[in-house]
1. Give just the number: which of (1) loosely packed, with under 15 Cβ neighbours inside 10 Å; (2) part of a loop (DSSP other than H, G, I, E, B) does B:Leu23 not satisfy?
2. So, in segment B:115-156, of the ones that are part of a helix (DSSP H, G or I) and exposed (fewer than 14 other Cβ atoms within 10 Å of the Cβ), which residue ends up nearest to the other protein chains (Cβ to nearest Cβ)?
3. Scan segment A:177-219 for residues that are of a type in the set (Phe, Trp, Tyr), buried (at least 21 other Cβ atoms within 10 Å of the Cβ) and modelled with pLDDT under 85 and report the count.
4. Counting only residues that are aliphatic (A, V, I, L, M), give me the helices (runs of 4 or more DSSP H) lying completely in segment B:226-302 with at least 3 of them.
5. Of the residues A:Phe128, A:Phe81, which single one is among the aromatic types (Phe, Trp, Tyr), buried (at least 24 other Cβ atoms within 10 Å of the Cβ) and part of a helix (DSSP H, G or I)?
6. I need a count of the residues in segment B:79-114 that are more than 17 Å from the chain's Cα centre (by Cα), within 7 Å of chain A (Cβ to nearest Cβ) and closer than 18 Å to A:Arg12 by Cβ.
7. Determine whether B:Ala210 is among the aliphatic types (A, V, I, L, M) and surrounded by fewer than 18 Cβ atoms within 10 Å (Cβ to Cβ).
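The values are calculated or read from the model by the stated rules, or taken from the named source; none is laboratory data. Here the structure is a predicted model, which is why all the values come from computation and not from measurement. Methodologically, a virtual Cβ is constructed for each residue, glycine included, from the backbone with ideal geometry; neighbour enumeration extends over all protein chains shown.
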Amino acid sequence: MKLRRDPWGHPRGLALVTWIYIIWSLAPVIMAIRFAFNEGRSRTTTQGWSLRWFWQDPTLSVFHDPSLHSALEQSLTLAFFAMLIATPLGIGLALGLQRWRGRGSGIANGLTLLPLVTPELVFAVGLFMLFTTAFKFIGLGTTAQVIGHVTFSVSFVVVIVRGRLQTIGSDMEEAAADLGAPPWEVVRRVLIPLLIPAIGASLLIVFALSIDDFVVSQYLASGADTTTVPMRIYAQARAAPTPALNALATIMLAVTLLALLLAYLVFRFSTRGQKGGSAIGQLAGLDARIDAGGTK
Amino acid sequence: MAPRWVWRLLSAPGLLFLAVFFLVAFYAVVAVGLGNVTTQFQPVPHWNPLDWNVGYLREALSNLAPGGQMWPVVVRTVLYIAVAMALTLLIGYPVAYYAARCAGRWSGLILALLVLPFWISYIMRLLAWTNLLASDGYASEALNALGVDRLFNTLGLMEGDDWLGGQPVTVIIALVYGYVPFFILPLYASLNRLDQRLIETSRDLGASAAETFRRVILPLSRPGIYAGMVLIALPMFGDYFTQDLMSGSPNTNMVGNIINGYVQGGPDKSLGAAMTMLLSAFLLIFMAFYLRSLRREQREAE
């Protein structure tokens, strides 16, 4: 991004507001992480440093308290399966919609965009009603939760992949087709390799959306062993006896940021020397989130 | 070029999935909301429109309408969200403007810091505040030492000095905290695209900085402001967890809390479904507006 000259000169007031906002938005979370490393039991004051609430405490730490580490396992399981299902569904959908003109394309586009603007509560009540009435054979539980997570994340994949399709254009594909490659080969040998960065970004965003989700997970849960990390935090935030809850939240955040870093490296590596979109922007799903305006 | 059926075939699984788990799921809400219940209050959905029973919908409507039992909750929800949106605009616009247009060599870092909250779970961000605003937390001690609690008490915005004890002020500020990032980013994108030459022209033709802002920049950023507003209004109307974590008192309940209470807690799931239908109908206005502008932008991009 290049330096822009602004008619106001350098707006110190705006700079001040921006930095105060940034501190306000991040400092509380940094404090919550800090409390996770407390030596004592307080979640409201700093009390030394230790890893007691991560694993050292023999009964109350995240590692040793079954209710905490089972939440971690459930969150990771859901994110893994959601990633695995939503990404291919979304890629197929994006490839199809990008080229589908005429009859039916308006409806198909609308159906893909609608989930992005539907409040989670409406989503969750809908799936809850579905799995407790018509789809009783599936019922509530892990399967329902995975389906729920796929439903709200598929549209994000579509937005990311379509963005990339627009960047790469159709020249390569047409060349391949002109040289006699059948349609499936064009997809497999030309499109998919060009889409690798978008696929990486999609996997990451589905992972993050799933890990952070609270409402859908809660409505489709069937009991203690389907409790996810956000559900556990929600249930205990006001009443937790020790900073182990903060430690759990910290681990979750670390996993998300690690995934982000990994995807960033993959993205950088696979788009070397290519034009279009800033790496950070595309990777952060920022472009997708801005375009789609998702709010999860 | 591959034949058309290839592309349709590729999109079929995704479309089928969304049709079943999005459209049919919403139809399940309608079927339950317009259905009946067993003697144990278990909902019995009526899938056939000919069997629809409008009893619950009518009950929900009279509950939520002026004079109804839940009318104060509706008023409170709209009030909280309106105040939260106004504060969001006040905080978000300058930040987005600075980040998009004046940050210079810091722009990369600032953008990264503005995106960061996206990757932190919303629930964890609220957890952080429950730590800080607890009666012995750092934030509440600082605020009370500065006399902010007494000031809010005299202004009638707060009662007592427990920030997590059912204070409307806490809920509204938490809503702002939670949703500001989702407002800043679309606005950032639209301000980033704003043509610098128009601003320079306006200045060259003799307009003052204030006039340039009022007559050039503000009108040009209006679509971004509207998009951001709609984007945060939609989830706010369905929010129940912010209220639960930051107050938990029935005195600060919002519409989301009422629906959540019926669907998850009590025996009146059908009433909850009927209220979800009403909420969706209300939000459809915002959604239609947003989708229309999104489609327009897509068409321009293609």
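1. With (1) loosely packed, with under 15 Cβ neighbours inside 10 Å; (2) part of a loop (DSSP other than H, G, I, E, B) applied to B:Leu23, the lone miss is (2).
2. Taking segment B:115-156 and keeping what is part of a helix (DSSP H, G or I), we get B:115-119, B:122-133, B:138-145, B:148-154.
Restricting the remaining residues to those that are exposed (fewer than 14 other Cβ atoms within 10 Å of the Cβ) gives B:142, B:145, B:150-151, B:154.
Working: B:Ala142: 12, B:Ala145: 15, B:Arg150: 22, B:Leu151: 19, B:Thr154: 25 Å.
Once the filter is applied, the top-ranked residue is B:Ala142.
3. Qualifying residue count, segment A:177-219: 0.
4. On the way: elements: B:241-246, B:255-260, B:269-301.
Here the list reads B:255-260, B:269-301.
5. On the way: A:Phe81 fails: buried (at least 24 other Cβ atoms within 10 Å of the Cβ).
Sole residue among the options that is among the aromatic types (Phe, Trp, Tyr), buried (at least 24 other Cβ atoms within 10 Å of the Cβ) and part of a helix (DSSP H, G or I): A:Phe128.
6. Residues that pass the stated criteria total 11.
7. On the way: among the aliphatic types (A, V, I, L, M): yes; surrounded by fewer than 18 Cβ atoms within 10 Å (Cβ to Cβ): yes.
So B:Ala210 passes the test.
Yes/no per residue for (1) assigned to a helix (DSSP H, G or I); (2) at pLDDT 90 or above; (3) within 14 Å of another protein chain (Cβ to nearest Cβ):
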| residue | (1), (2), (3) |
| --- | --- |
| A:Trp8 | no, no, yes |
| A:Ile20 | yes, yes, yes |
| A:Met31 | yes, yes, yes |
| A:Glu39 | no, no, no |
| A:Thr45 | no, no, yes |
